């Protein structure tokens with residue numbers, strides 16, 4: 001057996017303790033410094049549901065034809081009720097896209113009396129109480145009503161968003177579209193769940 005001098009043994013123990021302490025301090029420093037190297041603000045959260053619905057609503061404008069008296073001036077999409085995420089997504093789209101070579105505007109409204117000559121009125125689920133009043137307000141107008149609650153396509157909305165198999169889908173009531181003098185393309189019909 002080899003003899004290790006006592007002084008050397010103490011030196012090795014001291015060195016091991018130093019290495020352990022050094023590693024602990026280094027780990028703590030790393031944990032403290034890590035937030036400085038990662039962005040504190042990862043940017044605004046994106047509401048993917050609003051983004052998907054905004055794309056759907058914009059695409060509806062490509063497959064529905066409004067009558068001649070609705071084809072002058074800006075194309076207007078109104079959101080009846082509180083849905084800031086959808087408003088933001090549609091507003092961003094309106095800055096870079098057009099509807100049939102026309103600019104389109106997005107407006108937030110609080111009451112059905114503010115619908116005016118809007119081309120599309122979207123009514124979020126949290127505002128179902130005003131659907132009846134909105135339907136009365138657009139009677140005789142060429143306004144597309146879009147809702148997002150079960151059964152509303154049968155109750156007078158032209159389009160109603162649904163979730164089927166975990167995917168965003170939409171119901172289309174073609175007879176309601178015809179009552180509002182809206183011509184729906186066969187392409188949109190084929191993508192929709194048709195209801196009466």
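Tabulated data
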quantity: Added length on full extension, which subtracts the Cα-Cα distance from 0.36 nm per residue, residue 108 to residue 168; calculated: 19.3 nm
quantity: Förster radius 25 Å - calculated FRET efficiency between residue 68 and residue 48 (Cβ-Cβ, nearest 0.05); calculated: 0.10
quantity: Centroid-to-centroid separation of region 49-128 and region 146-163 [C-alpha atoms, Å]; calculated: 16
quantity: Alpha-carbon Debye profile of region 141-180, log10 I(q)/I(0) at 0.18, 0.20, 0.33 Å⁻¹; calculated: -0.44, -0.52, -1.08
quantity: Volume in Å³ per residue [convex hull over Cα atoms, computed for region 48-195]; calculated: 103
quantity: With eigenvalues of the C-alpha gyration tensor scaled by 5 and rooted, region 117-196, Å; calculated: 19, 16, 9
quantity: Contour excess over end-to-end distance, with Cα ends at residue 92 and residue 190 and 0.36 nm allotted per residue; calculated: 32.5 nm
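Every read-out reported here was derived from the displayed coordinates using simple, explicitly stated rules and does not represent laboratory data. From a predicted model like this one, the values you see are computed outputs, not experimental measurements. Cβ sites come from the backbone with ideal geometry, for glycine too, and all protein chains shown count toward neighbours.
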